[in-house]
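Please read the structure below before turning to the comments.
The values are calculated or read from the model by the stated rules, or taken from the named source; none is laboratory data. Just so it is clear, the model here is predicted, and its values are computed rather than measured. In this analysis, Cβ positions are derived from the backbone assuming ideal geometry, glycine residues included, and neighbour counts consider all displayed protein chains. Surface areas here come from the heavy atoms of the whole protein model, side chains and all, with no ligands, DNA or RNA. Shrake-Rupley method; radii C 1.70, N 1.55, O 1.52, S 1.80 Å.
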Amino acid sequence: VQLQASGGGLVQPGGSLRLSCAVVGRFSSADTIEWARQAPGKEREWVASIKSDQTSYLDAVKGRFIISRDSAKNTGYLQMNSLKPEDTAVYYCKYSYGLYDYWGQGTQVTVSS
């Protein structure tokens, strides 16, 4: 399984970005897709996950971020709205099933005026 994350960039506070995570090798709605982020000098933190129709979010992003998947495109998404400077980080996607976890490379998100 290989993952390719994309969609990061520079955005002003209050703006939006949509991150994509293309999955090659396996894609099932029964498996879990997660997004995590790592800000400079901080540990990586979990942001959101989706498994079947169940979604979960970090409290700090609830109501602003939406995780989803498109099985026709074998891709997971993280729609990020009302972005704040504290959302600045490298964002990573992860695909999990059984005992296996696969991480994609990170994509930089910078929220700044």
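Laid out as a table, the results:
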{"read-out": "Computed over the chain, the ratio Rg/Rh where both radii use C-alpha atoms and Rh is Kirkwood", "value": "0.95"}
{"read-out": "Label point 7 Å beyond Cα of Tyr100 along Cβ direction - residues of the stretch 1-31 with amide nitrogen under 16 Å", "value": "1-4, 23-31"}
{"read-out": "Label point 7 Å beyond Cα of Ser68 along Cβ direction - residues of the stretch 8-22 with amide nitrogen under 14 Å", "value": "17-21"}
{"read-out": "Length-normalised contact order for the chain - Cα pairs under 8 Å, 6+ apart - percent", "value": "37 percent"}
{"read-out": "Under 17 Å from the Cα of Lys84 - aspartates and glutamates, other chains or at least 8 residues apart", "value": "Glu45, Asp59"}
{"read-out": "Added length on full extension, which subtracts the Cα-Cα distance from 0.36 nm per residue, Arg44 to Val24", "value": "4.8 nm"}
{"read-out": "Percent accessible area from carbon and sulfur atoms, the chain, protein chains only, probe 1.4 Å", "value": "47 percent"}
